[in-house]
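Notes to accompany the following structure.
The values are calculated or read from the model by the stated rules, or taken from the named source; none is laboratory data. Note that the structure is predicted; figures quoted are calculated from it, not measured. We place every Cβ from the backbone using ideal geometry, glycine too, and count neighbours over all the protein chains shown.
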Amino acid sequence: MRSLKIAIIHDWLVTCAGAETVLAEMLALYPTADVYSVVDFMPEKDRHFLRGRNISSTFIQQLPQASKRYRSYLPLMPWAIERFDLCAYDLILSSSHAVAKGVVTRPGQPHICYCHSPMRYAWDMREEYLREAGIDKGLGGWLARFILERLRRWDLQNSAGVTQFIANSGFIAERIRLSYGRDSVVVYPPVDTPYFTPGGEKEGFYLAASRFVPYKRMNLIVQAFSRMPQRRLVVIGDGPQYEKAQANAGANIEFLGYQSRDVMRDYLRRAQAFVFAAKEDFGILPVEAQACGTPVIAYGAGGALETVRGIGSVGSERPTGVFFETQTEEALIAAVEWFDKNKERFLVNVCRENALRFAPEKFRQEYAEQVSAVLQKN
């Protein structure tokens, strides 16, 4: 494997999040690989996982205000990503939730795409993103939809250039099938279980943490707990809807804004339960909570169904969480009340054990096996 010349394609390097955690593990597996990205504005303090590499970026890197408004150049990204010359490589590995999988490859050149999601802007969440950006109406809305429709067609066309799709969850595998008409294998993303560990005593509060954007449904959690004044909720995160949520919250809710990783771990360890109301592709935070020995109260859809063992599901004799079936205040309140009466059923060691299914070494083993299988066929 080390004799192969490998290129790894990443959408954009701006901040350390779930996609960058995957990239770090790919680089650990293939330390001689070259890395390509639409832009590279990763802060120096967060670049350790890149192992001193010089990243090859596109012309978008040089465009006005690209460091802060790189997403505004989304219509140019297909053209930019296709300009990478990858002919000299024996293997292409992409980590993609946007355009990375659209690189041009030569005939017979294997391209394995680890797909975090089909491009949300162009497929099922288009209208939600347009509303969030405030361009869902009028001429601006018409133009944005026209551009995103062209982007969807490009995305579909270029998906044919992928030799093998690897999905980050069964939920995303189904979206890949519906969007691209392609089968995929599931390899769950790595979660930093060596860092997120149990510690300390449980205290009398619930925890919610996420970006305050519409699909995360943080406002739903805040409003539900505002109707339960006897229960304390701690909220970590910021975003466009933060101030509105804070203004309408009850006195039992404490807002901490954005916090460091160390603070997040501390609260995850001490919370009664972690509350999660989004329909996520995978959802790393619920797994990090379980790694800290904390059960999860989650909306029963998307990746949470694969990462949390809920009451009544497979393995429910050793549960790690409770699901609520609809994204409503009433459903969440009922789930919290049920949990409060049955919390003794949720054990720290059981939550931890479930989270270890997503340990980094598990990802490395399964991802490497899929790469080897593709190479053997080629």
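How about region 203-219: which of its residues are at pLDDT 95 or above and part of a loop (DSSP other than H, G, I, E, B)?
Hit for region 203-219 is Glu203, nothing else.
Going residue by residue through region 99-109, is there one that turns out to be among the hydroxyl-bearing types (Ser, Thr, Tyr) and over 17 Å from Gln157 (Cα atoms)?
No, every residue in region 99-109 fails to be among the hydroxyl-bearing types (Ser, Thr, Tyr) and over 17 Å from Gln157 (Cα atoms).
I'm trying to understand the selection: among the residues of region 68-89, which are of a type in the set (Asp, Glu) and surrounded by 14 or more Cβ atoms within 10 Å (Cβ to Cβ)?
Glu82
Can you find even one residue in region 51-61 that is surrounded by fewer than 19 Cβ atoms within 10 Å (Cβ to Cβ), in contact with a Leu (Cβ under 7 Å, 6 or more places away or on another chain), at pLDDT below 90 and basic (Lys, Arg)?
Checked region 51-61: at least one residue is surrounded by fewer than 19 Cβ atoms within 10 Å (Cβ to Cβ), in contact with a Leu (Cβ under 7 Å, 6 or more places away or on another chain), at pLDDT below 90 and basic (Lys, Arg).
Note down all Cβ pairs under 7 Å where the first residue falls in region 348-363 and is more than 17 Å from Leu29 (Cα to Cα), the second is modelled with pLDDT under 95 and among the basic types (Lys, Arg), and they're at least six residues apart or on different chains.
Between residues of region 348-363 that are more than 17 Å from Leu29 (Cα to Cα) and residues that are modelled with pLDDT under 95 and among the basic types (Lys, Arg), the close pairs are Val350/Arg318; Asn354/Arg309.
For region 165-179, which residues satisfy the criterion of being touching a residue at least 60 places away in the same chain (Cβ under 8 Å) and aliphatic (A, V, I, L, M)?
Ile166, Ile172, Ile176
Is there any pair linking a residue in region 180-209 that is surrounded by fewer than 14 Cβ atoms within 10 Å (Cβ to Cβ) to one that is at pLDDT below 95 and of a type in the set (D, E, K, R), with Cβ under 9 Å and at least six apart or on different chains, and which?
What qualifies is Tyr195/Arg261.
Output the number of residues of region 210-238 satisfying the condition of being surrounded by fewer than 22 Cβ atoms within 10 Å (Cβ to Cβ), of a type in the set (A, V, I, L, M) and within 20 Å of Thr326 (Cα to Cα).
3
Restricting the search to region 327-365, which residues are of a type in the set (S, T, N, Q) and modelled with pLDDT of 95 or more?
Gln327, Thr328, Asn349, Asn354, Gln365
Please enumerate the residues belonging to region 165-174 that are in a helix (DSSP H, G or I) and surrounded by 21 or more Cβ atoms within 10 Å (Cβ to Cβ).
If the condition is that a residue be in a helix (DSSP H, G or I) and surrounded by 21 or more Cβ atoms within 10 Å (Cβ to Cβ), then Phe171, Ile172 are the ones that fit.
Let's see how each residue does on (1) more than 19 Å from Ile92 (Cβ to Cβ); (2) in contact with a strand residue (DSSP E or B) (Cβ under 9 Å, 6 or more places away or on another chain); (3) modelled with pLDDT under 95; (4) assigned by TED's automatic domain parsing to the domain that holds Gly18:
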| site | (1), (2), (3), (4) |
| --- | --- |
| Arg145 | yes, no, yes, yes |
| Trp154 | no, no, yes, yes |
| Asn158 | no, no, yes, yes |
| Val162 | no, yes, no, yes |
| Arg175 | yes, yes, yes, yes |
| Ser184 | no, yes, no, yes |
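One line per residue, one yes/no per condition, for (1) assigned to a strand (DSSP E or B); (2) closer than 30 Å to Ile6 by Cα:
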residue	(1), (2)
Pro319	no, no
Phe323	yes, no
Lys341	no, no
Cys351	no, no
Glu366	no, yes
Val371	no, yes
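Being in contact with a helix residue (DSSP H, G or I) (Cβ under 6 Å, 6 or more places away or on another chain) and buried (at least 18 other Cβ atoms within 10 Å of the Cβ) is the filter; apply it to region 242-252 and report the residue that is farthest from Val336 (Cα to Cα).
Only one residue tops the list, namely Ala245.
So, in region 99-113, exactly how many residues are part of a loop (DSSP other than H, G, I, E, B) and farther than 16 Å from Ile60 by Cα?
The qualifying residues number 7.
On the given criteria, is Asp136 closer than 30 Å to Met264 by Cβ, at pLDDT below 95, in the same structural domain as Tyr367 (by TED's automatic domain parsing) and in a loop (DSSP other than H, G, I, E, B)?
no
Where the second residue is among the small types (Gly, Ala, Ser) and part of a loop (DSSP other than H, G, I, E, B) and the first is crowded, with 16+ Cβ neighbours inside 10 Å and lies in region 153-164, which pairs have Cβ atoms under 6 Å and are six or more apart or on separate chains?
Pairs that qualify, where the first residue is crowded, with 16+ Cβ neighbours inside 10 Å and the partner is among the small types (Gly, Ala, Ser) and part of a loop (DSSP other than H, G, I, E, B), are Asp155/Ala122.
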